[in-house]
1. If you project the alpha carbons of the chain onto the principal axes, what extent comes out on each, in Å, largest first?
2. What ranking of 223, 99, 128 emerges when the number of other C-beta atoms within 10 Å of each C-beta is taken as an exposure proxy, fewest first?
3. Taking region 2-146, how much of its Cα-Cα pair set, in percent, is spaced more than 26 angstrom apart?
4. Starting from the Cα of residue 231, step 7 Å along the direction of its Cβ; do the same at residue 100; then give the gap between the two resulting points in nm.
5. Mean projection of the alpha-carbon convex hull of region 147-245 over all orientations, in nm²?
6. Pop a pseudo-label 7 angstrom from the Cα along the beta-carbon direction at both residue 243 and residue 203 and give the gap in nm to one decimal.
7. Residue by residue through region 173-189, which ³J(HN,Hα) values in whole Hz follow from phi under the Karplus form 6.51 cos²θ - 1.76 cosθ + 1.60 (θ = phi - 60°), with glycine and proline marked x?
8. Among 147, 65, which comes first, second and so on when ranked by fewest other beta-carbon atoms within 10 Å?
Amino acid sequence: MAEENVVSDIYGTRDWIDFDITFEERLSTAELRTLLRSDVDFLHYIGHVDADGIRCPDGHLDACDLAEVNVSSFILNACDSYEQGRALVDHGAMAGIVTLSEVNIDLATSVGRTAARLLNQGFSLAATTALIEEHERIGHHYLVVGDASVSMVRNDSGTPYTVDVRDESGGQYEVALFGYPRLDSPLGSLFTPHLDSDGQRYLNSGSMCSFRVRMEELRTFLTKQEVPVISQSGFQWSDDFLHPT
């Protein structure tokens with residue numbers, strides 16, 4: 001799963017948020033135990049988990065034996081990591097994303113990258129796993145343990161959202177926005193899409209609004225911030241949608 005190491009370049013790519021990113025490889029059981037006791041906001045673990053615990057070069061660390069966990073939230077992107085993730089929450093973590101079974105390495109790498117981008121854009125753990133389940137081939141193997149409302153950072157728009165784009169005739173596109181509330185923009189908050197000219201506001205959850213726009217308008221809207229786009233090409237990010245390879 002070494003290809004998933006690119007997530008260290010995904011977190012913290014937003015100019016207005018100050019991140020302190022640390023990348024560690026091949027931690028021993030003692031080093032991993034120390035890390036889990038540290039005041040870390042989010043831990044993205046890439047590796048292996050089995051019946052004996054989290055695999056390290058010198059053995060296994062069983063989270064059930066930990067006396068203290070100060071990592072706030074996490075993703076354990078490894079096979080069958082539910083029990084270890086549940087133990088991390090039981091010993092102090094707020095929440096985490098875990099797996100329910102063995103996962104294919106290549107597909108798990110795709111999930112890890114998608115999760116990193118969603119979390120980096122302010123989606124909660126609940127919204128992240130919902131989108132993974134819908135758009136990743138093995139997404140149904142992932143779930144949240146602990147408080148699913150946890151999120152890492154704020155979203156530029158207050159409420160994270162996805163953009164559904166459908167080709168229409170006459171040079172126009174049907175564009176629909178789907179909102180995912182957070183603790184700081186809870187269910188029932190108002191959302192202004194800045195895609196229509198009248199500035200109308202909408203409730204911020206589920207299917208919020210839809211518009212017919214020309215490509216120039218859509219391009220301007222999608223360059224305001226990086227957002228997930230769902231189109232005939234599948235699930236991708238706004239920059240990839242606007243500049244296909």
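1. 63, 35, 30
2. 223, 99, 128
3. On the way: 1730 of 10440 pairs.
Taking all Cα-Cα pairs of region 2-146, the fraction more than 26 Å apart is 17 percent.
4. 3.3
5. Values: hull surface 27.7 nm².
Directional mean of the projected Cα hull area for region 147-245 stands at 6.9 nm².
6. In this crude spin-label approximation the distance works out to 3.9 nm.
7. 10, 8, 10, 10, 10, 10, x, 10, x, 10, 4, 8, 9, x, 3, x, 5
8. Values: 147 16, 65 11.
In order of increasing Cβ crowding within 10 Å: 65, 147.
Where a number appears in this text, it was derived from the coordinates with a stated rule and is not lab data. The model shown is predicted, which means the values in this text are computed figures rather than measured ones. In this analysis, Cβ positions are derived from the backbone assuming ideal geometry, glycine residues included, and neighbour counts consider all displayed protein chains.
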